[in-house]
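Notes follow once the structure below has been shown.
The values are calculated or read from the model by the stated rules, or taken from the named source; none is laboratory data. This structure is a prediction, so every number in the text was calculated from the model and none was measured. Cβ: placed from backbone, ideal geometry, glycine included. Neighbour counts: every protein chain shown.
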Protein chains: 4
Amino acid sequence: MTPMARLPRAEEKADAVQVDLNATIGDTIRVEALQHDEAVLPYVSSITIPAGLHAGTPRVILAAIRRGLAAGVRLGAGVGYRDFLGGGDRYVDVAFEDLYAELIYQIGAVDSLAFTEQGRLSYVRPSGALARMAGRRKDHAEAILRAIASYDPELPLVVHHLSPLLGMARDAGLEVIVEYSASSLERMRASVGRIAADGHPEQSVSLHLDPVTAPVVVRTLRELGHTFGAPLTARRGM
Amino acid sequence: MTPMARLPRAEEKADAVQVDLNATIGDTIRVEALQHDEAVLPYVSSITIPAGLHAGTPRVILAAIRRGLAAGVRLGAGVGYRDFLGGGDRYVDVAFEDLYAELIYQIGAVDSLAFTEQGRLSYVRPSGALARMAGRRKDHAEAILRAIASYDPELPLVVHHLSPLLGMARDAGLEVIVEYSASSLERMRASVGRIAADGHPEQSVSLHLDPVTAPVVVRTLRELGHTFGAPLTARRGM
Amino acid sequence: MTPMARLPRAEEKADAVQVDLNATIGDTIRVEALQHDEAVLPYVSSITIPAGLHAGTPRVILAAIRRGLAAGVRLGAGVGYRDFLGGGDRYVDVAFEDLYAELIYQIGAVDSLAFTEQGRLSYVRPSGALARMAGRRKDHAEAILRAIASYDPELPLVVHHLSPLLGMARDAGLEVIVEYSASSLERMRASVGRIAADGHPEQSVSLHLDPVTAPVVVRTLRELGHTFGAPLTARRGM
Amino acid sequence: MTPMARLPRAEEKADAVQVDLNATIGDTIRVEALQHDEAVLPYVSSITIPAGLHAGTPRVILAAIRRGLAAGVRLGAGVGYRDFLGGGDRYVDVAFEDLYAELIYQIGAVDSLAFTEQGRLSYVRPSGALARMAGRRKDHAEAILRAIASYDPELPLVVHHLSPLLGMARDAGLEVIVEYSASSLERMRASVGRIAADGHPEQSVSLHLDPVTAPVVVRTLRELGHTFGAPLTARRGM
């Protein structure tokens, strides 16, 4: 564990934090549109791939997996409410039994596609409204936790640092990756400060990038002396 | 190998054939409708569960898996064209790349749901238009073969005895289960004769039942001295 | 206006109420399944046809329209949240702009199909979660009212007698048909009593039947001296 | 009728052809993406709006209608096979009864949305695979013709000049707009020559633009002395 006391300067590299840098790739139904997402690959250590019920198609998922593996980054499944036209951004009053099964369905499908390319999922990340509603819909949070526990209890769950899901996941004994936003320079700076204050073990921190601002955010992170990449152990193919 | 010479009578049980009896369960979007399908469980040794792109929902799939495992039957994934409103019965001019990814997506999703219930898939069965078009769309047949080979080359493929896919699958080195229709008494009798004439190894033959006629068909099969059930080795959970 | 003082007996036919009897037809994706719904046609004066976003397909809608017109009943569009797999029974946190457009889309599509068969819609009925949420989501209620006002301000809206939407619709100057449940004999009896107590103009009352119990409910209604059918003026084709 | 003898020069304006300039707008599921399409509005006299079964959502359709009406262009419904993920570019072996109902559903829905904005559809344009398959699937061609005839026999049908649908539509007595591609300068030049050779009445010719190349294509058309815009009489709201 390497708690971080403050936003470090270049000469204090011992205090620098090693974090995962993440972006979402494949939020589209046209495989051609993936080329826009590819530009972010040099800046990340992991990519979240929408699993097909709120965004993404099997072909797009497979293409994203191939590009991610070629770039040497880890792969995660972005899971959401079954609402393609809403892009996962709308709350759906789904029953626990439906959501639980839909989550395993999504995770298993993406993991299987990764497996056929000699990869595996390294984490699961609830996205959009599903992530936001976990605090208010305890059964939806429970569906997330139980789906992962059923599928693979060592598969880490990505949770925003302010989400009530964080404590629930830790209580359930799941591996957790704590996410902070780095969608802009300002947010990144605030997040780096918070990471230091929160004092996480370094292996479990992820900064979520916006593809558009990723280059400047990552360059600034490097200038500040932070390192990143490969903080999480990738799961191996069976 | 036990080739069958003719339609056997009760006193000639040595010639009787041991076949898999299969029916499709879960071809619905309402979990309540599964209760109609359940009645066929005592008559089958395996159930084919639509994988969610042409019929079935994750919740229905999971419910069918649970009932199948409780009944001690083997589980198969029914895969099809992505066409929910058409129920998989309409040909869709899908590209190889889409179909290949969609097949792994379906197989992996159902296998994952089975895995969380301590089961696994025992076979894959193309259904509806996808099964019928394999002869004319070589790339669609190729997508089926390659999807299974990529996911698990030991996972058997169910193919109708007249389908051109049969030879292609054997040439590709895949495990094959040869299917004959037993949707009516007449069809069952004709199929039993054909099975004898075709001379398959007994482990690889499946009779496909219609839930409505299954009771009388199976009773007649028993009266003729045939045995069935468990001809195929179930895959174990990881 | 004929307010009803109490549950009338046969000798008091002057007090009997003339109500619309309604059932939903076409809540399926398979046109063959419509035959189950047809049995209710002799018992109703209007049918509500799901408009395709929460249930129904264009072919099923058209088939239901044809049967309804052949039976001489009025036609209504059952509109709901865009959630086919949930059957319209799940709340979806849709934006006003989406819902408003989706409602006109549904109403216009069904009315157009009716028009090509020399019929027209006689009313719109929000169904499932959309009907239930109108009280809590004022913008969703507003979307319903504005969609009808934009499409045809004389097209009546069917609203449950306890729904907050009822007052809103009247305030907005829309034609309203007040619905009471008659899904069982007990509910029908309670509803008849309430209708009398509420004192509606008879043209604007509808009893909603369950297809399974409709025969006994309607026979009992007749024995009680009530008449029904054609209380509402059908809209003519353009 | 003004047959055109050859590609006209600026000084021969009497020979110049007045054609409709068309582009597709709203081929997206995100209303925000419409802003990319808007740039083509100054260059066209009509816009084709995907009707929601192969592309487009009710909200996107309504937004496109509003922009089209604000720009003073005519509105058309782009109809296609029900295949959202394939974008209408894949042949689907749909039955006549399904397709016929789906076409009226699409046309009626878009026309209704236009009507609520004081507009109306001016034409219907089959798109993608549906347009391409009309020659080989006579029943699909027939579904197109009969859907329009049932909905409004005066509603023009846009057909590519080489499509077998062209003769069928004329034989059926439908209004026809003959489309030529102008997706590039080269195609536009070839099309202008063909239009002259084919000798259409000028009211019934449309050049289909690609939004990316529309500015240069339209500028060149103007330099060549052609005029365009408003060649077709817009239908009025009811």
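Quick test for you: out of A:ALA77, A:ALA64, pick the one residue that is surrounded by 24 or more Cβ atoms within 10 Å (Cβ to Cβ) and not in a helix (DSSP H, G or I).
A:ALA77
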Residues of the stretch D:80-104 being buried (at least 24 other Cβ atoms within 10 Å of the Cβ), under 18 Å from the mean Cα position of the chain (by Cα) and not β-branched (Val, Ile, Thr), in sequence order, are D:GLY80, D:TYR81, D:GLY88, D:LEU103
For the stretch B:29-54, name all the residues that are facing another protein chain (nearest Cβ under 10 Å), at pLDDT below 95 and outside any helix (DSSP H, G or I). B:ILE29, B:ARG30
Is one or more of the residues making up the stretch C:82-98 under 27 Å from C:LEU62 (Cα atoms), out of contact with any Pro (no Cβ under 9 Å at 6 or more places or on another chain) and among the basic types (Lys, Arg)? yes
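Could you say which residue among D:LEU69, D:LEU103 is more than 28 Å from C:GLU117 (Cα to Cα), in contact with a strand residue (DSSP E or B) (Cβ under 8 Å, 6 or more places away or on another chain) and modelled with pLDDT of 95 or more?
From the options D:LEU69, D:LEU103, the qualifying one is D:LEU69.
Among the listed residues C:LEU207, C:LEU221, which satisfies the condition of being over 24 Å from C:PRO126 (Cβ atoms), surrounded by 15 or more Cβ atoms within 10 Å (Cβ to Cβ) and not acidic (Asp, Glu)?
Answer to the check: C:LEU221.
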Among helices (runs of 4 or more DSSP H) completely within the stretch A:83-201, the ones holding 2 or more residues that are without any contact (Cβ under 8 Å) to a residue 60 or more places away in the chain, over 29 Å from C:PHE96 (Cα atoms) and of a type outside the set (Lys, Arg) are A:96-115, A:138-151, A:165-171, A:185-198
Against the condition farther than 24 Å from B:PRO164 by Cα and modelled with pLDDT under 95, how does B:PHE84 come out, does it pass? yes
Kindly indicate which of D:ARG194, D:ARG120, D:ARG137 is out of contact with any helix residue (DSSP H, G or I) (no Cβ under 8 Å at 6 or more places or on another chain), of a type in the set (Lys, Arg) and modelled with pLDDT of 95 or more. D:ARG137
Tell me, which residue of the stretch B:150-181 that is in contact with a Gly (Cβ under 8 Å, 6 or more places away or on another chain) and not hydroxyl-bearing (Ser, Thr, Tyr) is nearest to B:ILE104 (Cα to Cα)? B:PRO153
Counting only residues that are of a type in the set (Asp, Glu) and modelled with pLDDT of 85 or more, which one in the stretch A:1-28 is nearest to B:ARG82 (Cα to Cα)? A:ASP27
So which residues in the stretch B:74-127 are away from chain A (no Cβ under 14 Å), of a type in the set (Phe, Trp, Tyr) and within 16 Å of B:PRO50 (Cβ to Cβ), if there are any at all? B:TYR123
Taking the stated definitions as given, is B:THR220 more than 23 Å from B:ALA77 (Cα to Cα) and in contact (Cβ under 8 Å) with a residue 12 or more places away in the chain? yes
The one condition D:ILE107 fails out of (1) surrounded by fewer than 18 Cβ atoms within 10 Å (Cβ to Cβ); (2) out of contact with any Pro (no Cβ under 6 Å at 6 or more places or on another chain) is (1)
Scope the stretch C:55-73; condition β-branched (Val, Ile, Thr) and more than 10 Å from chain D (Cβ to nearest Cβ); matching residues: C:VAL73
